[in-house]
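Worksheet for the structure shown next.
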Amino acid sequence: MTDSDADLLQETISEFLWAANYVVDHAWQGEYKTTSKAGLQRGTYDDVRAETRLQANLVQNARNKAADAVQSVVARWKQGDYAGKPHFTAPMLVYDKRCATFNDDHATLSTVDGRITAEYVLPDESRETPHSEYLFDDDYEVTGAELHYRDDEFYLHVRTKADVESETADDGNDEHSTVLGVDLGIENIAVTSTGEFWNGSELNHWHREFEKRRGSLQQCGTRAAHETIQSVGRTETGRYDHFLHTVSKELVAEAVENGCDVLAFENLTGIRERMPNAKQFHAWAFRRLFEYVEYKAEVVGISVEQVPPAYTSQRCSKCGTTLRENRQTRERFCCQKCGYEVNADYNAAKNIGLKHLRSAQTSSDGDAPVNVRLNRGTLNVNGNYEPAADGGQNGSPRESPTRNEANGHAVSE
């Protein structure tokens, strides 16, 4: 490596650390810390691109590094341990396969000014080392690396994984994917395609009471009243967050219990305008709930996706007929063609799962077997219903102050 290449790597490291610390600063604003990678991406990406010379993939890697650190701190807090605000100082940066190419004897690495070639300095090949076991073995694939600088030397810590694709590609078994659809609403904060309801009445009651109290204090106009308003706001947000954390935890548990690989929500953009009687508070609560589900699901290997919201409330999840008249009331859905009558939120949750199912099959050329998990079996993209093996409810009911098993509505298939 030439001196100019080394200088470029040093400059890249410097800007990478600045970017990661900028994301941490953004996450640390306010009393509650932002841990969602998607939320941090929206809030910091444009600024980091404008203030640094990092290419897009290095910006994303800096965001991921920062988000992981913040999530780790929050997790320690929940366990009652002390942890301070993360700050990156050790010279390092993260590469993946989009911004680096890894070969047997060298790597090409993105910098703030193009790519440079860095040759490996490896131990004697005759010795048994991790390099000979993993780096030179065709059964292992390099997935990324971290570049560290210490003692005036650069060290590339390469990550590898076993390449098992060749062993499974011809066995005729495509990956099976099962989707849990989730509908968000005012009366029921969340309803799943398995027929589980999380009632929002308590959340709505708190919001009304806090609004009344805030309005009364604002009329006073005194300094003490202003300080009390701030205290009330902190109490309010804390109560909401506890409630939403509980719901998000149980949504992820529901997906795990039913063997789901994906949690599907409708796209949250413009949800307040689409939903009668929704307030800005509800839109905030939906976004916060989605973020909590997103990072909790990631821990257990479940992906969280959003699908277009069009017609999920008007489409019959049984026969596919889409009519405005199908939505009888806020709570009841009755298909004008096949007569299928069910709770409207439950019908929407199934449609959300079906939308993701169809998009997944389209993106994979329709080869992968995917299903929407229902309360008594699964439904595939062709409308074929398969009952649960035990003929009954999937999973076992869990008691929760926020959760209502079927909420008094008929949800059987």
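Mind listing whichever residues of the stretch 16-36 are in contact (Cβ under 8 Å) with a residue 60 or more places away in the chain and either surrounded by fewer than 21 Cβ atoms within 10 Å (Cβ to Cβ) or farther than 29 Å from residue 154 by Cβ (or both)?
The answer is 17, 21, 31, 32, 34, 35, 36.
Might you let me know whether the stretch 17-35 holds any residue that is assigned by TED's automatic domain parsing to the domain that holds residue 99, of a type in the set (A, V, I, L, M), closer than 24 Å to residue 240 by Cα and in contact with a Ser or Thr (Cβ under 6 Å, 6 or more places away or on another chain)?
yes
In this structure, is residue 25 modelled with pLDDT of 90 or more, out of contact with any Phe, Trp or Tyr (no Cβ under 6 Å at 6 or more places or on another chain) and over 22 Å from residue 290 (Cβ atoms)?
yes
Can you give me the number of residues within the stretch 70-104 that are in a helix (DSSP H, G or I) and touching a residue at least 24 places away in the same chain (Cβ under 8 Å)?
Adding up the residues that qualify gives 4.
Give the stretch 313-325 a look and list any residue that's in contact with a strand residue (DSSP E or B) (Cβ under 6 Å, 6 or more places away or on another chain) and either part of a strand (DSSP E or B) or not small (Gly, Ala, Ser) (or both), or say none.
314, 315, 322
Which condition from (1) at pLDDT 90 or above; (2) buried (at least 16 other Cβ atoms within 10 Å of the Cβ); (3) assigned to a strand (DSSP E or B) is the one that residue 148 breaks?
(2)
Could you list, in sequence order, all residues of the stretch 36-69 that are farther than 27 Å from residue 241 by Cα and part of a loop (DSSP other than H, G, I, E, B)?
Result: 52, 53, 54, 55.
When the residues of the stretch 327-341 are narrowed to those that are free of Cβ contacts under 8 Å to residues at least 24 places away in the same chain and assigned to a loop (DSSP other than H, G, I, E, B), which ends up surrounded by the most Cβ atoms within 10 Å (Cβ to Cβ)?
The selected residue is 335.
Looking at 113, 105, 124, 137, can you tell me which residue is over 30 Å from residue 39 (Cβ atoms), surrounded by fewer than 18 Cβ atoms within 10 Å (Cβ to Cβ) and modelled with pLDDT of 90 or more?
From the options 113, 105, 124, 137, the qualifying one is 113.
Being closer than 21 Å to residue 96 by Cα, at pLDDT 90 or above and either of a type in the set (Asp, Glu) or loosely packed, with under 15 Cβ neighbours inside 10 Å (or both) narrows it down to one of 49, 63, so name that one.
49 is the lone residue from the list that is closer than 21 Å to residue 96 by Cα, at pLDDT 90 or above and either of a type in the set (Asp, Glu) or loosely packed, with under 15 Cβ neighbours inside 10 Å (or both).
Any chance the stretch 294-303 includes a residue that's farther than 18 Å from residue 261 by Cβ, touching a Leu at 6+ places or on another chain (Cβ under 9 Å) and assigned to a loop (DSSP other than H, G, I, E, B)?
No, the stretch 294-303 has no match at all.
The values are calculated or read from the model by the stated rules, or taken from the named source; none is laboratory data. In this text, all values refer to a predicted model and were calculated from it rather than measured experimentally. Heads up, the Cβs are rebuilt from the backbone with ideal geometry, glycines too, and the neighbour counts pull from every protein chain shown.
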